[in-house]
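Participant: Input: one structure, supplied below.
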Number of protein chains: 2
Amino acid sequence: MFTDEYFMKMALNEAESAFEKDEVPIGCVVVSNNRVIARSHNLTETLNDVTAHAEMQAITSAANFLGGKYLINCALYVTLEPCVMCSGALSWSQISKVVIGARDEQRGFINKNLKLHPKTEIVTGIMENECSFIIKEFFKSKR
Amino acid sequence: MFTDEYFMKMALNEAESAFEKDEVPIGCVVVSNNRVIARSHNLTETLNDVTAHAEMQAITSAANFLGGKYLINCALYVTLEPCVMCSGALSWSQISKVVIGARDEQRGFINKNLKLHPKTEIVTGIMENECSFIIKEFFKSKR
């Protein structure tokens, strides 16, 4: 039951919430022992804050929940490959697993040769089409 | 009067506040038209949050002050070269100028071949010795 798709679907629900707020639709959840301990979506426009990416909020929120700053035994599910900023934050968090929906060839961390923490497992391509589709729809609606 | 050293001294005062709280002593200020519009220091331990670097707080705070997310015509003065996360945030902010005290060869963004926004001027080596000294003193006190 608790597959990567199961949790990515929840991240996608978050992305849909962002879409409804006219935000670039990216969402994520943080999972610990098959329990969602943080969920968030991009709020850069609403908060007027370039740092308000889904992942940044989720990292802070998960750490608050855990009462410690390291996200050991946690997995983050995010609909779009993290940017440089978010990959840096994930790296500091020492999170155990990062699961990515759609790739971001231009702004994502992978093509910039950045690494996460050595202990972090990276999984890509989970619900890639759905995660990519919502972003394309968003930008299509903007044209 | 409003030299780079003038504002870096203020960033160094912030670093000293961090030191007093037993935080890795890094501080910064954001300046717009020779006026300090945000000041902050590292609070990762106090807030239990890996994202609570001085620069991240200052970017959010400056954007709040300005009422917009882009830090155009702003300069950030920081005592230590920004990490990957903070360089990513600075890049999104399109800040006009970043002034760096001490270099961070290991964790700083420069040696990772990361760029800030094309419009961002980067100045290094302002009060380098003082900015480096306080960090060395901190880690010496930890041994």
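Participant: Take A:Ala11 and decide whether it is within 13 Å of the chain's Cα centre (by Cα) and away from chain B (no Cβ under 14 Å).
Facilitator: Answer is yes for this residue.
Participant: Among the candidates A:Asp22, A:Asp4, single out the residue that is more than 17 Å from A:Val123 (Cβ to Cβ) and among the charged types (D, E, K, R).
Facilitator: One residue alone meets the criteria, A:Asp22.
Participant: Let me ask something additional. When you go through B:Ala15, B:Ala54, B:Ala75, B:Ala62 one by one, which is the residue that is touching a residue at least 60 places away in the same chain (Cβ under 8 Å), of a type in the set (A, V, I, L, M) and over 15 Å from B:Ser132 (Cα atoms)?
Facilitator: It is B:Ala75.
Participant: Could you go through the range B:99-115 and let me know if any residue there is closer than 24 Å to A:Glu45 by Cβ and either touching a strand residue (DSSP E or B) at 6+ places or on another chain (Cβ under 7 Å) or at pLDDT 95 or above (or both). Talk me through it step by step, then tell me what you get.
Facilitator: As a first pass, look at the range B:99-115 and keep what is closer than 24 Å to A:Glu45 by Cβ: none.
No - not one qualifying residue is present in the range B:99-115.
Participant: I'm trying to understand the selection: among the residues of the range A:72-121, which are farther than 23 Å from B:Leu90 by Cα and among the basic types (Lys, Arg)?
Facilitator: Hits for the range A:72-121 are A:Lys97, A:Lys119.
Participant: Can you tell me how many residues in the range A:59-94 are closer than 17 Å to A:Gly27 by Cβ and more than 9 Å from every other protein chain (Cβ to nearest Cβ)?
Facilitator: 11
Participant: Still on this structure, please answer the following. So, in the range B:9-35, how many residues would count as being farther than 15 Å from B:Ile95 by Cβ and either assigned to a helix (DSSP H, G or I) or polar (S, T, N, Q) (or both)?
Facilitator: Residues flagged as farther than 15 Å from B:Ile95 by Cβ and either assigned to a helix (DSSP H, G or I) or polar (S, T, N, Q) (or both) within the range B:9-35 amount to 12.
The values are calculated or read from the model by the stated rules, or taken from the named source; none is laboratory data. This is a predicted model, so every value here is computed, not measured. With ideal geometry, Cβ positions are generated from the backbone for all residues, glycine too; neighbour counts draw on all protein chains shown.
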